[in-house]
Amino acid sequence: MLQPRGIFPCFCHHARQNPLSSRLALMSSLHPLLSQCLYQFLAFVPPSNESLRKPGTASVMVDTQHPLTLLLNSSEGDRDLCKIQYHFGEFGNYSLVVKTLNTQTVSCDLIVNEGPINSYLHSVNCDPTPQSWSTGSRPRLRSLDTFRGLSLVIMVFVNYGGGKYWFFKHESWNDICQLHFPSALFSRFVFIMGTSIALALGSMLRWGSSKWKVLRKILWRSFVLILLGIIVVNPNYCLGPLSWDNLRIPGVLQRLGFTYLVVAALELLFTREGQLPALQDILPYWPQWIFILVLETIWLCLTFLLPVPECPRGYLGPGGIGDFGKYPNCTGGAAGYIDRLLLGEKHMYQHPSSGVTYQSTMPYDPEGILGTINSIVMAFLGLQAGKITLFYKDQPKQIMSRFIIWGIGIISAILTKCSKEEGFIPINKNLWSISYVTTMSCFAFILLLLIYYLVDVKKWWSGAPFLYPGMNSILVYIGHQVFANYFPFKWKMQDSQSHAEHLTQNLTATTLWVIISYIFYRRRVFWKI
């Protein structure tokens, strides 16, 4: 009888202060529920080299037909250190990372380096991001993917037109109550990106990646995101063939890429391991907070102190006929001035939402340079949510209580005086004002709290259907932009003024992307950078 093809795992032993023994033995057996089988010897795992900081490794091939029980045994004292039951898949690549914490405690984490391939369906797993499975840790938080997918699905629907209803359109300038759908979507993406950074970097460092290797991945991912934003998802295609003369430099993916670079590098630089004190998600990271406060001070100084020609200092208005037409060429104040000065008017967004209502003629880019500072702050606040879920895993009450504390909008209430226009700093998505960031972060914490409670704590909801686009967000976002004007996502309507026809078309297009992401999910195809 032919046996299925095997896998090639790499078993690593990371010794800490008190190595348990000079050699470790790894053995396997069929799952005891299937058959009472003796353990079969697989390999000796040599101890790590402390001087070279190199873990001991051993590579073996295991059978994939039945679930296996892996037993790690100390060759000195004949003591069982850890036992893991797992059903490996064909052609997968796995790492069993073993860490000696002290003389009595060992942690064993099984890492999926390359997902298995179903040879009967010929599916391909394009997800290079390792996923951790451990006997001592919680499974992947589905609430994060669900949160991301929910935001993405609404974003796709809004970008396709939102049925041409007014409440799905972008606000002209200052946003009312910030419960407006379009105003919240991009900010949620930035927030959840920060959350994912904390979990992803922690996972990579735990299973043995060096900081230099992780930094290279951060730089590469940032570069690809920025490149995709400039070359692939660029609204200036509407003005004709892409050329440097009218190439829009800022954009959604560009801002995501740069924000990811700064926040991920900041987290990598100051990441901590081992036992941490009380408020472990805040106090040990005081250098990060100082950096963020310096960034915010720069934003405040440039926004309110930078002199802008023919404009009042600290102007935050839309220009045009706004403010009784006093400042027609001051759209965005310092933010617009900096973009026009450094990027040039032709390399900015030419048709901002403020132009329709306020008849402003100056180009203004909502993803401009100055606002990127506050998108970094937004991602950093999302990073705190990731640290909370990481440091308080298996303690849902602790996680939820901290989400509630972070969700209290005291800073936003002070900055805005609980008003639309009368506060110190109005809530403005076009400017990405600090009050917008703090307000959206509060909503993000509360929404993440609700999804976490329903999906991961009570398990009343699987996260479907939003889970699927959330796990393939890059594919869905770029795909819905590139194919927006192609059938079956768009077709000629009989009555272009009909809300019913627009709603049918937009819902159909959005649903198709959910179905596509579900098909990719079932075939284990995940496009990640």
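The values are calculated or read from the model by the stated rules, or taken from the named source; none is laboratory data. Given the structure is predicted, the values throughout are model-derived calculations rather than measurements. Cβ placement follows ideal geometry from the backbone for every residue including glycine, while neighbour counts extend to all protein chains displayed. Heads up: the accessible areas ignore ligands, DNA and RNA and are worked out on the full protein's heavy atoms, side chains in. Shrake-Rupley method; radii C 1.70, N 1.55, O 1.52, S 1.80 Å.
Report, by chain and number, residues whose modeled amide H sits under 5 Å from the one on Thr331, excluding near sequence neighbours (fewer than 5 apart, same chain).
Gly320
Taking the solvent-accessible surface of protein heavy atoms with a 1.4 Å probe, what is the per residue accessible area of the stretch 305-413 in Å²?
44
Can you list the residues, at least 5 places off or on another chain, whose amide H is less than 5 Å from the amide H of Lys393, using H built in the peptide plane?
Distant-sequence amide H within range of Lys393: zero hits.
Can you list residues from other chains, or at least 5 along the same chain, whose modelled amide H is less than 5 Å from the amide H of Leu96?
Cys10, Phe11, Cys12, Ile111
For the stretch 374-438, run through the trypsin sites (Lys or Arg not before Pro) and keep only the ones in DSSP coil with at most 15 other Cβ atoms within 10 Å of their Cβ.
Lys393, Lys417, Lys420
So, with a 1.4 angstrom probe, what is the percent of accessible area on the stretch 356-492 that is carbon and sulfur?
C and S fraction of accessible area: 66 percent.
Would you kindly give the portion of the calculated P(r) for the stretch 421-529 that falls above 24 Å, as a percent of all Cα pairs?
52
Classify the stretch 286-388 as rounded, prolate or oblate from the Cα gyration tensor: take a ≥ b ≥ c as the square roots of its eigenvalues, call it rounded if a/c is under 1.5, otherwise prolate when a/b beats b/c and oblate if not. All intermediate terms of the calculation are to be shown ahead of the outcome.
Details: a/c = 2.39, a/b = 1.93, b/c = 1.24.
Taking the square roots of the gyration eigenvalues as a ≥ b ≥ c, the stretch 286-388 is prolate.
How large is ³J(HN,Hα) for each residue in the stretch 92-98, as worked out from phi by the Karplus curve 6.51 cos²θ - 1.76 cosθ + 1.60 (θ = phi - 60°), to whole Hz, x for Gly and Pro?
Once rounded to whole Hz, the list reads x, 10, 10, 10, 9, 8, 10.
What accessible area per residue comes out for the stretch 437-529, rounded to a whole number of Å², with a 1.4 Å probe?
52
Using the structure shown, select from Lys83/Lys397; Lys397/Lys458; Lys83/Lys387; Lys164/Lys492; Lys397/Lys459 the pairs with a Cα to Cα distance greater than 19 angstrom.
Pairs exceeding the cut-off: Lys83/Lys397; Lys83/Lys387.
Can you tell me the convex hull volume per residue for the stretch 316-443, based on C-alpha atoms, in Å³ to the nearest whole number?
110
Suppose R0 equals 22 Å. What FRET efficiency, 1/(1 + (r/R0)^6) with r the Cβ-Cβ distance, do Ile478 and Leu305 give to the nearest 0.05?
About 0.05, to the nearest 0.05.
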